[in-house]
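Below: one structure, written as structure tokens.
Every read-out reported here was derived from the displayed coordinates using simple, explicitly stated rules and does not represent laboratory data. Predicted model, so just to flag it, every value in this text is computed and none were measured. Ideal geometry is used to build each Cβ from the backbone, glycine not excepted, and the neighbour counts take in all protein chains shown.
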Amino acid sequence: MKAHLAVSSVDRAFMDFKTFTKLFSGSPFKPLLQHRELILDALLHLNQQFHNLNSDQSFNAHSSKWIKAFPGQLEKLEHETLQRLHQPFITSQPKDVVINTLQIQSALAHEICRLSERLGYRPLNLPSELIVPINVLARQFGQTTCQLRQGIDELEQLSASGYRKRHKSSLHRLRKQLALYTDELRDTSQEIRLHACQLERHIDPVDVALLFLILDSISDLALWMRSLIVHLQN
């Protein structure tokens, strides 16, 4: 009876991934958590790429190396997560939660790959009027990625405490903060786009097209960051 209650308690607290995976190493949450950690690490590489956007360093061997390895590592963890999900397990599997989380994480990873590739095509040759806005955008991007990691860490701590319902204000604050960062990121992206249109005749058409693609990817990535926090919060 005690064993049954212990398992039920763990099952109810399945969103505390780290605790769950320690107790049940064969659960799908272990590769799912590793999948998420890999994405958060990739954002650090992406952030460095973005800060080098206006220099020759934006196209370098280091960036090329990690982006080439990233999809294969993700695919392996996605396959392992789905494989474990359909195996017999001591507790009932919340399959919809696992699949939905994996889908959001995979979408976020896809945007990371796309933005990294676009950042690595070639250094942008932009007029001086766009340098400051681009630097502001790079700083905001770094703040947003840091906020995402911090928010996920705080959610894990709240989940581990077992009192998530008592921390609704903290959960709301996390969501509001990330929403603020992502909105600022998208607003700055739009401002740069409008400014670039005004200067279009002074910029190489290839640079204009590539800049717009990068700005599109940043906006999409920001939305998926917010979606992940909202999903993990529920």
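Compute the length gained on full extension between LEU223 and LYS176: take 0.36 nm times their separation in residues and subtract their Cα-Cα distance, giving the result in nm to one decimal.
On the way: separation 47, 0.36 × 47 = 16.92 nm, distance 1.33 nm.
Result for the pair: 15.6 nm of gain on full extension.
At a Förster distance of 25 Å, what's the computed FRET efficiency of HIS231 paired with ARG139, Cβ-Cβ distance as r, to 0.05? Could you put the intermediate results ahead of the total?
Working: r = 27 Å, r/R0 = 1.07.
The value I calculate is 0.40.
I'd like the FRET efficiency for GLU75 and CYS197, computed as 1/(1 + (r/R0)^6) with the beta carbon distance as r and R0 of 35 Å, rounded to 0.05.
Values: r = 38 Å, r/R0 = 1.10.
Once the sixth-power term is evaluated, E becomes 0.35.
Which number do you get for Rg(Cα) / (2.2 N^0.38 Å) in segment 99-232? Walk me through the intermediate numbers first.
Values: Rg = 17.2 Å, N = 134, 2.2 N^0.38 = 14.1 Å.
Here the answer is 1.22, to two decimals.
When you count, for each residue, the other Cβ atoms within 10 Å and take the mean per peptide, how do 133-145, 74-86, 189-201 rank with the highest first? Spell out each step's value before the answer.
On the way: 133-145: 18.5, 74-86: 16.4, 189-201: 13.9.
Going from most to least packed, we get 133-145, 74-86, 189-201.
Which whole-Hz ³J(HN,Hα) couplings does segment 207-212 yield from phi under the Karplus relation 6.51 cos²θ - 1.76 cosθ + 1.60, θ = phi - 60°, glycine and proline marked x?
After applying 6.51 cos²θ - 1.76 cosθ + 1.60, I find 5, 5, 4, 5, 4, 5 Hz.
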